[in-house]
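The values are calculated or read from the model by the stated rules, or taken from the named source; none is laboratory data. Since this is a predicted model, take the numbers as computed values, not measurements. Cβ sites come from the backbone with ideal geometry, for glycine too, and all protein chains shown count toward neighbours.
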Amino acid sequence: MADTNPSFVRHEMLPAQPAPIAAGNIIGWVRTNLLATPKDVVLTVIAIILLALLIPPALNWLVVQATWFGSDRSVCTTIVQGGIQPDGWKGACWAFVKDRFVQFLFGRYPLDERWRPILVTVMFIVLLAPMLIPKAPYKGLNALLLFIVFPIVAFFLLHGGFGLQKVETPLWGGLMVTLILSFVGIAVSFPLGTLLALGRRSKMPVIKTLCVTFIEVIRGVPLITVLFMANVMLPLFLPTGWTIDNFLRALVAVALFASAYMAEVIRGGLQAIPKGQSEGADSLGLGYWQKMRLIILPQAIKLVIPGIVNTFIGLFKDTSLVSIIGMFDLLNIIRLNFTDTTWITPVTPITGLIFAGIIYWIFCFSMSRYSAFMERHLDTAHKR
Amino acid sequence: MTDHAIRVSSHREPKVSPINDPKVRSIFFQIMTALVVVLAVWFISHNVSVNLARANIASGYGFLAGRSGFDIGFAMLPYSSDSTYGDALVVGLINTILIAVTGIFTATIIGFLVGIGRLSKNWLIAKLCTVYVEVFRNIPPLLVIFFWYSGVLSTLPQVRDSLKLPFSMFLNNRGLAFPKPLWGEGTYLIPITILIGIVVTFAIAKWAKKRQMRTGKQFHTIWAGIALIAGLPILTFLMLGAPLTFDYPVAGRFNLSGGSVIAPEFVALYLALSFYTAAFIAEIIRAGIRGVPKGQSEASFALGLQPSSTTRLVVIPQAARIIIPPLTSQYLNLTKNSSLGVAIGFPELVSTGGTTMNQTGQAVEVISIWLVVYLTISIATSLFMNWFNARMALVER
């Protein structure tokens, strides 16, 4: 019987074969990732044609033809337009950005006092960096310094007082204003949004109704109407004779607007926490605020970090809208220069806007990368 | 705690000081809050009435009937500076809706393409779509609007040197001039036939579904629908003797005459909002499609369904459940972002309202109109979303 057993048993090793062509080398990679099916071939060809049409002219405009040095419009205009470039010249005018760079950062802040915003920036970076590094110690003290002490010191440094020359807010401008609006917006909207979210889930009908109304009204209307409201109606709300700084009005509007969105994000996190957590805290005898601070909020907020950071990014982008109510944030100070006779050229607007885009992009993109990092870092539940 | 334990064991009414009774505390806090709110409202309304009286502004909506005295460059309704403020606001509202509808349409198409592109196995396409999404998600919409408006459109040639496009269209820095269709007699029948086509298609779809349930036979409703909705109007058009002529724009010495012009403000706002929102829609589409477990399509293949049927019958219905709620909120965002038109002078609701506010000083009234309009749109959207969620929610045990 053993002789008729049809099964086959190999006794010697097979000789090693070369790796399949589709693995490891570049040809294999191209085949699987670019030319897998006829449809892919067509798509790849279309994409390459698109890139070939877009990238060389873009690089040519942005780098090769671009003007890097110069102090007035003549370097960025053709001879017909009164400049030095040959006819038909088209390219980015980086000389304009270089010339006005400091203005883009500080607006019309007095020249002699510019050390003050620089000092504030240094303080901010020194306080923010350890805050962002998870391993850095003394988080509580750090947060206290960053969110309570720093704003007060920064306010007096920027605005003046205590022997420093007063610099009124209409002189503030540029990236400085964008960053102040965003920082205050973030620092206010996070706690306020948390309170609103808790209020919305409260069992007290009066508080719940108030919070729901606030959140839904603010979320239902565009930011620009809220800004107009702050700009036009806030002075009407105050007793006659009281004035309220324009900058402060914008600050209030931006912070309240972001709070409503933040509240909804945090509510999402609160809803995801199982009821047992709350009941467990109750049975331990914790009061409402203890329960929220120690048990519920830490878990809820961890769940919605991406949403929170998205709200921050939205807030940062939304600060550009204050230009509509006449404030000179980064975007508006750049636009202000479009009509400046020193730099009025056909390419100035687009160069300035691209520069603004790059700045906004760097800030927003780093925020979103950091949130992705934090999400992985805090993802302790699924890892053992 | 020990106090509590004793209470439970002895079954006596708990003797809690009213300060610690949750019910009393809750009522106390609510009364306090209500009191603060009422006081604040009273304080504010008092101040408002005093301030308005000082500024000699009569409150009320009477100003809406007054002559506006300003022109609107882009009006879908007949409007002149002799029209009323109310007319100006209506024209603005129509423009807002126009931007919203056209923007939503385009943003959805671009968003779908980019979202599917990011999931493509083709590396180049996937990377291109990723770059698109990452670029547009991280810059302010206002910047995109300015980019199109002062960066691109204002660099177009002057009217004298307009770019000549096919079909007698002209492109210059005052916008895109194109032949204006002049509809002849009887063309009102065409929209009616489109409507009839849609109704009949719905009826056919219902009948086809019933028949498929009964007999298992399929009926290609899509083709019948296209034939009806597109075919009927075309047939009517031809039967009426093609009553359509065009008013062509003609290049004069300094200006174009005739034809219709799409203002650059509209184009800039439309393109910017479409491109910006499309990046968010792309992310929603991607998340929706990836949210359908792979097992679903594998099971569908195992049942012998074609890839196209799998997509249509298995993947899309499940992805839609994930996609539609955030998609609606993006549509709402686009509608709200259309208010940014005020920055480039596109006459939408906030823009015409702003002019009205500056001329009349009726800030409270104009802002209340804005709030009512936008809130109505938002509430209508969220009602739709609730209805949709209730309809689409998984029916569980």
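Mind listing whichever residues of region A:202-248 are among the aromatic types (F, W, Y), farther than 14 Å from B:L371 by Cα and facing chain B (nearest Cβ under 7 Å)?
So in region A:202-248, the residues among the aromatic types (F, W, Y) come out as A:214, A:228, A:237, A:242, A:247.
Checking the rest, the ones that are also farther than 14 Å from B:L371 by Cα come to A:237, A:242, A:247.
Answer for region A:202-248, where residues must be among the aromatic types (F, W, Y), farther than 14 Å from B:L371 by Cα and facing chain B (nearest Cβ under 7 Å): just A:F237.
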Condition check for A:F162: among the aromatic types (F, W, Y) and over 23 Å from A:Y360 (Cβ atoms): yes
Among (1) outside any loop (DSSP other than H, G, I, E, B); (2) touching a Phe, Trp or Tyr at 6+ places or on another chain (Cβ under 8 Å) - the single one B:C129 does not satisfy: (2)
Selected residue (criterion: surrounded by the most Cβ atoms within 10 Å (Cβ to Cβ)) from residues of region A:39-88 that are within 15 Å of A:T342 (Cα to Cα) and aliphatic (A, V, I, L, M): A:V75
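If only one of B:L153, B:L142 is within 11 Å of chain A (Cβ to nearest Cβ) and within 24 Å of A:F312 (Cβ to Cβ), which one is it? Before you say what the answer is, go through the steps one by one.
Values: B:L153 fails: within 24 Å of A:F312 (Cβ to Cβ).
Just a single option satisfies the conditions, and that option is B:L142.
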Test: B:H4 is at pLDDT below 85 and at the interface with another protein chain (Cβ under 9 Å from one of its Cβ atoms): yes
Hey, B:L238 in contact (Cβ under 8 Å) with a residue 24 or more places away in the chain and either closer than 30 Å to B:E348 by Cβ or not acidic (D, E) (or both) or not: no
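Can we say A:S202 is surrounded by 17 or more Cβ atoms within 10 Å (Cβ to Cβ), of a type in the set (S, T, Y) and within 27 Å of A:D318 (Cβ to Cβ)?
Details: surrounded by 17 or more Cβ atoms within 10 Å (Cβ to Cβ): yes; of a type in the set (S, T, Y): yes; within 27 Å of A:D318 (Cβ to Cβ): no.
When the stated conditions are applied, A:S202 does not pass them.
Could you check region A:251-355 for helices (runs of 4 or more DSSP H) lying wholly inside it with 2 or more residues that are within 12 Å of another protein chain (Cβ to nearest Cβ) and within 30 Å of B:D21 (Cα to Cα)? Break it down into steps so the answer makes sense when it comes.
Details: elements: A:275-283, A:288-291, A:297-303, A:305-318, A:330-336.
Result: A:275-283.
Could you say which residue among B:F105, B:F63 is aromatic (F, W, Y) and at pLDDT below 90? Outline the logic, then answer.
Details: B:F105 fails: at pLDDT below 90.
Sole residue among the options that is aromatic (F, W, Y) and at pLDDT below 90: B:F63.
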Count - residues of region A:16-75 that are assigned to a loop (DSSP other than H, G, I, E, B), small (G, A, S) and within 12 Å of another protein chain (Cβ to nearest Cβ): 1
Sole exception among (1) over 19 Å from A:V217 (Cβ atoms); (2) within 14 Å of chain A (Cβ to nearest Cβ); (3) surrounded by fewer than 18 Cβ atoms within 10 Å (Cβ to Cβ); (4) at pLDDT 90 or above for B:L375, by number: (1)
Residue under evaluation B:V267, criteria (1) out of contact with any Ser or Thr (no Cβ under 8 Å at 6 or more places or on another chain); (2) of a type in the set (V, I, T); (3) closer than 30 Å to A:V217 by Cβ, criterion not met: (3)
Every residue from region B:50-77 that is crowded, with 17+ Cβ neighbours inside 10 Å, under 31 Å from the mean Cα position of the chain (by Cα) and aliphatic (A, V, I, L, M): B:L64, B:I72, B:A75
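Scanning for something under 27 Å from B:G361 (Cβ atoms) and either at pLDDT 80 or above or away from chain A (no Cβ under 12 Å) (or both), does region B:18-33 turn up at least one residue? Walk me through it before giving the result.
Just the residues of region B:18-33 that are under 27 Å from B:G361 (Cβ atoms), to begin with: none.
So far as region B:18-33 goes, no, none of its residues is under 27 Å from B:G361 (Cβ atoms) and either at pLDDT 80 or above or away from chain A (no Cβ under 12 Å) (or both).
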Among (1) out of contact with any Asp or Glu (no Cβ under 9 Å at 6 or more places or on another chain); (2) modelled with pLDDT under 80, the one test that B:P181 misses: (1)
Which numbered condition B:E185 fails, given (1) part of a loop (DSSP other than H, G, I, E, B); (2) under 27 Å from the mean Cα position of the chain (by Cα); (3) away from chain A (no Cβ under 14 Å): (2)
Residues (more than 11 Å from chain B (Cβ to nearest Cβ), under 13 Å from the mean Cα position of the chain (by Cα) and among the aromatic types (F, W, Y)) located in region A:356-378: A:Y370
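Going by the conditions given, is B:S308 modelled with pLDDT of 90 or more and assigned to a helix (DSSP H, G or I)? Steps first, answer last, please.
Values: modelled with pLDDT of 90 or more: no; assigned to a helix (DSSP H, G or I): yes.
It is false that B:S308 is modelled with pLDDT of 90 or more and assigned to a helix (DSSP H, G or I).
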Subset of region B:346-363 (residues that are part of a loop (DSSP other than H, G, I, E, B) and either more than 11 Å from every other protein chain (Cβ to nearest Cβ) or farther than 20 Å from A:S320 by Cα (or both)): B:F346, B:P347, B:G361, B:Q362
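Residue-wise test of (1) at pLDDT 85 or above; (2) outside any helix (DSSP H, G or I); (3) more than 14 Å from chain A (Cβ to nearest Cβ).
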site	(1), (2), (3)
B:N47	yes, no, no
B:D82	no, yes, yes
B:I94	yes, no, yes
B:I109	yes, no, yes
Residues that are surrounded by fewer than 20 Cβ atoms within 10 Å (Cβ to Cβ) and either acidic (D, E) or on the phi > 0 side of the Ramachandran plot (or both), drawn from region B:341-364: B:G345, B:G361
